[in-house]
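Participant: Attaching a single structure in structure tokens format; questions to follow.
The values are calculated or read from the model by the stated rules, or taken from the named source; none is laboratory data. No experiment lies behind these values; they were computed from the predicted model shown. Note that we place each Cβ from the backbone using ideal geometry, even for glycine, and neighbour counts take in every protein chain shown. What goes into the accessible areas is simple: the full protein's heavy atoms, side chains included, and nothing from ligands, DNA or RNA. Shrake-Rupley method; radii C 1.70, N 1.55, O 1.52, S 1.80 Å.
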Amino acid sequence: GYGRFGAQYVEDRGVGLSDTIISSRLRFNVDATTETDAGVTFGARLRFQNDDGDTQTVGNNAKFSASFSGFTVSVGNVDTAFDSVALTYDSEMGYEDSSFGDSQASFFAYASKAIPAGAAGYMGVAATYSFGDANFYFSYVNPDQRVSTLPVGTNEEVGLAFDYSVGQFKIAAAYTADAAGIADNDIAFLGAAYAISDVANVGLNYYDNGTIAGVDVGDQVTLYGNYTFGATTVRAYASDLEGASNTAFGIGADYALGEGTRLSGSIQSGFASETVADLGVRFNF
Amino acid sequence: GYGRFGAQYVEDRGVGLSDTIISSRLRFNVDATTETDAGVTFGARLRFQNDDGDTQTVGNNAKFSASFSGFTVSVGNVDTAFDSVALTYDSEMGYEDSSFGDSQASFFAYASKAIPAGAAGYMGVAATYSFGDANFYFSYVNPDQRVSTLPVGTNEEVGLAFDYSVGQFKIAAAYTADAAGIADNDIAFLGAAYAISDVANVGLNYYDNGTIAGVDVGDQVTLYGNYTFGATTVRAYASDLEGASNTAFGIGADYALGEGTRLSGSIQSGFASETVADLGVRFNF
Amino acid sequence: GYGRFGAQYVEDRGVGLSDTIISSRLRFNVDATTETDAGVTFGARLRFQNDDGDTQTVGNNAKFSASFSGFTVSVGNVDTAFDSVALTYDSEMGYEDSSFGDSQASFFAYASKAIPAGAAGYMGVAATYSFGDANFYFSYVNPDQRVSTLPVGTNEEVGLAFDYSVGQFKIAAAYTADAAGIADNDIAFLGAAYAISDVANVGLNYYDNGTIAGVDVGDQVTLYGNYTFGATTVRAYASDLEGASNTAFGIGADYALGEGTRLSGSIQSGFASETVADLGVRFNF
């Protein structure tokens, strides 16, 4: 898991609210595995996550998995294809690993914390296959497995994804039908990154963010890059969202403290030109 | 602890409900012990259990214990005598370890998950003594230790049990007065099992399931057996419950995958001829 | 963490309530740390605590820390200066470690369990510095960091403390302004202890317990001592609280069972002459 804490600034956070707060997260993963005689590894994961503003810490719903020579099947609170594919979160920055350049679409993902009572019937099945430098992802989520017929407008979510590295190039693609269980909310992602050198990377992500209640969420293009000199990595991105009034962008920097610990900060501007900034520490354990 | 997941079928589960769902459970036990200079071991256990249909994972109430040369005293969320005695659950089958042949009586047992707010005063004391191949069990549960006088109709539950192995025979007996804290709900269990050979076992369990609100829950007799060939174990049982319209029965099979992991399935028919079935994997860690 | 269980007696606990109950606590601390290349240790703690009368076990809010050569900064659910300083809890006795001689003031402290929904904005920052036999403590708590202006009558709590050992003497002092976030509730503590010999100690604690809603909580003086012979330690204290009708006092004894396990009991009389007693076991792990 990891811990992180620092100062988070959100311009005009709300009436009577403080723009700057101390924002923190502690995440513990509890994993258990056993391997059968034939070499199949069965595993289970539970996560305990505490964020600033919480009043307690409870575990999330369980994820079960069975793995055999690069092939993994998961059941329960699974990692979905759209959320697992490479590159899609590579424009993130700051100690909170955030970016307006992330997909603005709605889709299901692994739930790190408790879910609402109405989501108690959520059940996912996922499969991943790794072959050399290629990864294939499939996920299926039933928003409510308890009922024999889902409500009108709610469907099972089905996702497919793929990523591949070759030399200095990495590419990724994902497609999810009825994303977040919303009928006809079909979303897509295409990403490509190029390692200019050992210390410099650029990437371009394209998202079709789907349609919710007849309203197109809009296509989105995010361009990002980073450059490392010594212990310092500087990062930047710009993201254009169809229908948004402004282009979002961000600049950030990490300072590596060793052993996976870093001091990170960023200043970002959103699609409505709102400014957010963060500065803090993140450490892994 | 252990993990299990698979498909669970319940015939006519309910109006608008799906008969077949993915049913799962993840159970983590957190144990801590320390041994004094005189050789007494003090211990404590907390359990975190997540089942399909849950929205989060919380720990249960604590069990404390002190052990010395075969004698163990427990306090808190204790294992009760009726729930701990040997043989009583030996007709269970499938990856969910279920059986209609289990006692249909109401009695207190170790609570794996959160308990209702009204049960916050629940307090148990239990003792077990192991001597050679014999085990003795005692448990006392106060349904609400906070109040000076329990409500009318509610009593402390007191249970006694015993099991013993000799050669190919194993026998077990249990008696609990005011089971589940219900006044005059006195329940009993007698069980015997015989190992025909290294790979074949048969057993017979008799239950007096007590009386609740003046209504006799009925006597129950369960006959069960299992036979192992190679990695496969087949299981069967039939259970007759006084006053029930039908005899319950089940057939099941386990396929051992090694390291305590097994693929298990069962088809069972209940006392009202309702059919249930399960097929899945269970693994220990 | 630790476990403890035993009998707790409270005279006239309440109408319809049982004076004697089995009282228990199980506490697990989950700590994670990582050390950077420069030798700074980053850490995080989560605590899971279950007490008798609870219905489940959840984790508390996280505490984060960064330590470097005797200097530690904490963020989140921090240990406050007034709660951390030496000597202040040294009059406690019994397996539940309780004393009427503890400060009767209201102040913020590390929360071992879930906090009320209204306290979700609680955020603390603390620093300690250890230098030889001296420790310095600072803590700052914002009762609600989410709002730009705290409600009238609510302020940030700021605390300072210090303790020092020299030869057979130990001294401690603490001052906290706006304790528990209550405006003008300024509290203070002065303590001194003297080790008469290897087996006998005496101490004197003085508290200014502050003012809440214009009412002076009263000054308090606690005199305590303990004496060890073999595995047994006897303890006693007397505490005088300004405005109270009676002097509180207690006598207790510990019997060490080895490896940090002890059998402890006490009989104490409160400021209104109410009698409480406890007898039980406490063990560390």
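Participant: For Cα pairs less than 8 Å apart in space and 6+ apart in sequence, what is the mean separation divided by the residue count of the stretch B:189-285, i.e. the relative contact order in percent?
Facilitator: Numbers: 223 pairs, mean separation 16.0, N = 97.
Contact order relative to length: 16 percent.
Participant: At 1.4 Å probe size, put A:15, A:202 in order of accessible surface, largest to smallest. Write down the numbers at each step before the final one.
Facilitator: Values: A:15 150, A:202 60 Å².
If we order A:15, A:202 from most to least accessible, we get A:15, A:202.
Participant: Right, here's the next one. Rounded to the nearest 10 Å², what accessible area does residue C:71 show when all protein chains are kept and the probe is 1.4 Å?
Facilitator: The value for residue C:71 is about 90 Å².
Participant: Taking the Cα-to-Cβ direction at residue A:7 and at residue A:37 and moving 7 Å from each Cα, how far apart do the two end points lie in nm?
Facilitator: Simple spin-label model gives 6.3 nm for this pair.
Participant: Most fluctuating residue of A:102, A:240, A:52 in a GNM of chain A with Cα springs under 10 Å: which is it?
Facilitator: Its mean-square fluctuation being the largest, the pick is A:52.
Participant: OK, next. So, taking all protein chains as they sit and a 1.4 Å probe, how much accessible area belongs to residue C:212, in Å² rounded to tens?
Facilitator: 50 Å²
Participant: Now a separate question. Given a Förster distance of 56 Å, report the FRET efficiency between residue B:184 and residue C:109 from their Cβ-Cβ distance, rounded to the nearest 0.05. Each step should come with its number before you reach the end.
Facilitator: Working: r = 48 Å, r/R0 = 0.86.
After rounding, the FRET efficiency stands at 0.70.
Participant: Cut-off 10 angstrom, C-alpha nodes, Gaussian network model of chain A. Which of A:257, A:87, A:46 fluctuates the most?
Facilitator: In this elastic network of chain A, the residue with the biggest mean-square fluctuation among A:257, A:87, A:46 is A:257.
Participant: While we're on this one: Pick out which of B:94, B:181, B:132 has the largest mean-square fluctuation in a Gaussian network model of chain B, springs linking Cα atoms closer than 10 Å.
Facilitator: B:132
Participant: For a distance above 43 Å, tell me the whole-number percent of Cα pairs in the protein assembly as shown that qualify. If you can, show how the numbers build up before the last one.
Facilitator: On the way: 156432 of 365085 pairs.
More than 43 Å apart: 43 percent of the Cα pairs in the protein assembly as shown.
Participant: For residue C:89, place a label point 7 Å out from Cα along the Cα→Cβ vector, do the same in each other copy, and report the separations in nm, one decimal, smallest first.
Facilitator: 3.8, 3.8
Participant: Would you mind listing the distances between the residue C:202 label point and the same position in each other copy? Use 7 Å along Cα-to-C-beta, nm, one decimal, shortest first.
Facilitator: Between copies, matching label points for residue C:202 lie 8.1, 8.1 nm apart.
Participant: Need one value: the accessible area of residue A:113 in square angstrom, 1.4 angstrom probe, rounded to the nearest 10.
Facilitator: 60 Å²
Participant: Oh, and also: Please give the total accessible area that chains C and B bury against each other, computed with a 1.4 Å probe and expressed in Å² to the nearest 100. Let's see the in-between values first.
Facilitator: Values: alone 14500 and 14520 Å², together 26610 Å².
Roughly 2400 Å².
Participant: Tell me, what HN-Hα J-couplings in whole Hz come from the Karplus equation 6.51 cos²θ - 1.76 cosθ + 1.60 at θ = phi - 60° for each residue of the stretch A:92-108, using x for Gly and Pro?
Facilitator: Values per residue, Gly and Pro as x: 5, 8, x, 6, 9, 6, 10, 7, 5, x, 5, 4, 8, 6, 9, 7, 6 Hz.
Participant: Count, for each residue of C:22-32, the Cβ atoms from other chains sitting within 10 Å of its Cβ, then give me the mean as a whole number. Let's see the in-between values first.
Facilitator: Values: counts 8, 2, 9, 3, 11, 3, 6, 0, 7, 1, 9.
Rounded to a whole number, the mean comes out at 5.
Participant: Please work out the Cα center distance from the stretch A:36-74 to the stretch A:214-284, rounded to the nearest Å.
Facilitator: Taking the Cα centre of the stretch A:214-284 as reference, the centre of the stretch A:36-74 is 29 Å away.
Participant: Related question: Can you give the Rg and Dmax of the stretch C:23-180 based on its C-alpha atoms, in angstrom?
Facilitator: For the stretch C:23-180, the Cα-based Rg and Dmax read 16.8, 49 Å.
Participant: Among chain C residues, which Cβ is nearest the axis of the C-onto-A rotation, and at how many Å?
Facilitator: C:58, 3
Participant: Related question: Using per-residue counts of other Cβ atoms within 10 Å, averaged over each peptide, order A:195-201, B:145-151, C:57-63 from highest down.
Facilitator: C:57-63, B:145-151, A:195-201
Participant: Leaving out ligands and nucleic acids, and using a 1.4 Å probe, what accessible area per residue does the protein assembly as shown come to in Å²? Write out the running numbers ahead of the final one.
Facilitator: Numbers: 36370 Å² over 855 residues.
For the protein assembly as shown, the per-residue accessible area is 43 Å².
Participant: What does the structure give for B:169-177 when I average, per residue, the other chain Cβ atoms found within 10 Å of the residue Cβ? Could you put the intermediate results ahead of the total?
Facilitator: Details: counts 0, 0, 0, 0, 0, 0, 0, 0, 0.
Rounded to a whole number, the mean comes out at 0.
Participant: Pairs on different chains or at least eight residues apart, Cα atoms closer than 24 Å: how many lysine pairs in the protein assembly as shown fit?
Facilitator: 9
Participant: Under the rule a/c < 1.5 gives rounded, and otherwise a/b versus b/c splits prolate from oblate, where does chain A land using the Cα gyration tensor? Don't skip to the answer; put the middle values down first.
Facilitator: Numbers: a/c = 1.31, a/b = 1.22, b/c = 1.07.
Because its axes are fairly even, with a/c under 1.5, chain A counts as rounded.
Participant: What's the local net charge at residue B:213, with K and R +1, D and E -1, over the other residues with C-beta under 15 Å away? Walk me through the numbers on the way to the answer.
Facilitator: Numbers: positive: none; negative: B:178, B:184, B:186, B:216.
Value of the local net charge: -4.
Participant: A follow-up question, please. If the chain between residue A:68 and residue A:216 were fully stretched, how many nm would it gain, using 0.36 nm times the residue separation less the Cα-Cα distance?
Facilitator: On the way: separation 148, 0.36 × 148 = 53.28 nm, distance 4.06 nm.
Full extension of this stretch gives 49.2 nm more.
Participant: Now a separate question. Where Lys and Arg each count +1 and Asp and Glu each count -1, what net charge lies around residue A:100 among other residues with Cβ under 12 Å from its Cβ?
Facilitator: Local net charge: -4.
Participant: Would you mind giving the mean number of other chain beta-carbons within 10 Å of the Cβ of each residue in A:142-153, as a whole number? Each step should come with its number before you reach the end.
Facilitator: Details: counts 3, 0, 1, 8, 8, 5, 8, 2, 0, 0, 0, 0.
Average per residue, whole number: 3.
Participant: On to the next question. At residue A:147, label 7 Å along Cα→Cβ: distances to the other copies, nm, ascending?
Facilitator: For residue A:147, the inter-copy label distances come out at 4.0, 4.0 nm.
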